[in-house]
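Down below is the structure, laid out as structure tokens.
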Amino acid sequence: MGYLMASNSFVLLDFLMLAIAGYLITGSANVFNQIIEKDLDGKMQRTRNRPIPTGRVTVMESAIMGGLFLAIGMYLLFYFLNPLSAWLSLFSWALYVLVYTPLKQKTPLCVFIGAFPGAFPPMLGWISVTGSFGLEPGLLFLAQFAWQFPHFWAIAWKQYDQYHGAGFKMLPLDGGKNKRNATIILLYTIFTIPASMLLYHFEMSGLLYYFIAIGIGLYFTYLAYDFYLKRTDKSALNLMFASFAYLPILQITMVLDKI
């Protein structure tokens, strides 16, 4: 999406190299995340069948694969696109693997830290075309950054027992499934609306995007308010599934509005 927003001419080779490099570097980050958390993954039902806890893949094999993925992805960005997109991708990888992953057991701020690499992709897509940072990639980053919080906190609420059992601090505050955490999730969901509207006000998008972004933002907020009132796993699940739909709808609309 970031590539399509920045580019005035579609170059298939560049687009493919960006997609492949992004896939490889993200895959590498996930591999090293699972290496670091291999013992904890074995304690949780949702992760105990991953390759390392089950012994299907060794730590050494995983590290070799993750290292190759990172190296190839970096090479593709340097060779086919530009150095800035490569260095920012490496910075994003390091934030996820070396900062976010260890912090998950130490502080709820881990979600804030993890939201940075989670919001890099559209920004990197833009920079892969322009080779420079500016207002436009910053706004793309902000729209996805705001989305991270209701998305991950809804998952953390639904999976609280498993996360808590493994020692992960994934909800905004200590105390588990309480009203204070539900309030914070609601407030951060409301923030997705002004964060997405900035693209219109800085003339990166038009009326099609404006009305759809408001519509899906209000519905997203309605589900967050319903979750705040009920504070049940079902309402958290509704918010989580809405987050899955919200981001692609928002980003597809950005591109369609440009076309």
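Readers should treat all values here as calculations from the given coordinates under stated rules, not as data from a laboratory. A quick note: this is a predicted structure, and the numbers were derived from the prediction, not measured. Because the Cβ atoms are built from the backbone with ideal geometry, glycine has one as well, and the counts that use them run over all protein chains shown.
Structure summary
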{"quantity": "Gained length - ARG48 relative to THR232, 0.36 nm times residue gap less alpha-carbon distance", "calculated": "63.7 nm"}
{"quantity": "Relative packing of peptides 183-191, 206-214, 153-161 - highest average C-beta neighbours within 10 Å first", "calculated": "153-161, 183-191, 206-214"}
{"quantity": "Selection of chymotrypsin sites (Phe, Trp or Tyr not before Pro), segment 37-144, meeting DSSP coil and at most 14 other Cβ within 10 Å", "calculated": "PHE133"}
{"quantity": "Net charge over other residues, Cβ less than 14 angstrom from the Cβ of GLY176 (K, R count +1; D, E count -1)", "calculated": "+3"}
{"quantity": "The chain, helix-only ellipticity at 222 nm - DSSP H runs n ≥ 4, -39,500 (n - 2.57), divided by all residues, nearest 500", "calculated": "-24500 deg cm²/dmol"}
{"quantity": "Cβ crowding within 10 Å averaged over residues, with 163-172, 113-122 ranked highest first", "calculated": "113-122, 163-172"}
{"quantity": "Which of MET5, ALA29, SER85, positive extreme of dipole for segment 1-133 (C-beta unit charges)", "calculated": "ALA29"}
{"quantity": "Nearby aspartates and glutamates by direct alpha-carbon distance to LYS104 (threshold 18 angstrom, same-chain neighbours under 8 apart not counted)", "calculated": "GLU37, ASP39, ASP41, ASP161, ASP174"}
{"quantity": "Dipole moment magnitude, nearest 20 debye, the chain about Cα centre, only Lys, Arg, Asp, Glu C-beta charged", "calculated": "940"}
{"quantity": "Span from the segment 99-166 Cα centroid across to the segment 194-212 one, whole angstrom", "calculated": "21"}
{"quantity": "For LEU186, net neighbour charge (Lys/Arg +1, Asp/Glu -1) across residues whose Cβ lies under 15 Å away", "calculated": "+4"}
{"quantity": "Of LYS43/LYS230; LYS177/LYS234; LYS177/LYS230, those spanning more than 19 Å from alpha-carbon to alpha-carbon", "calculated": "LYS43/LYS230"}
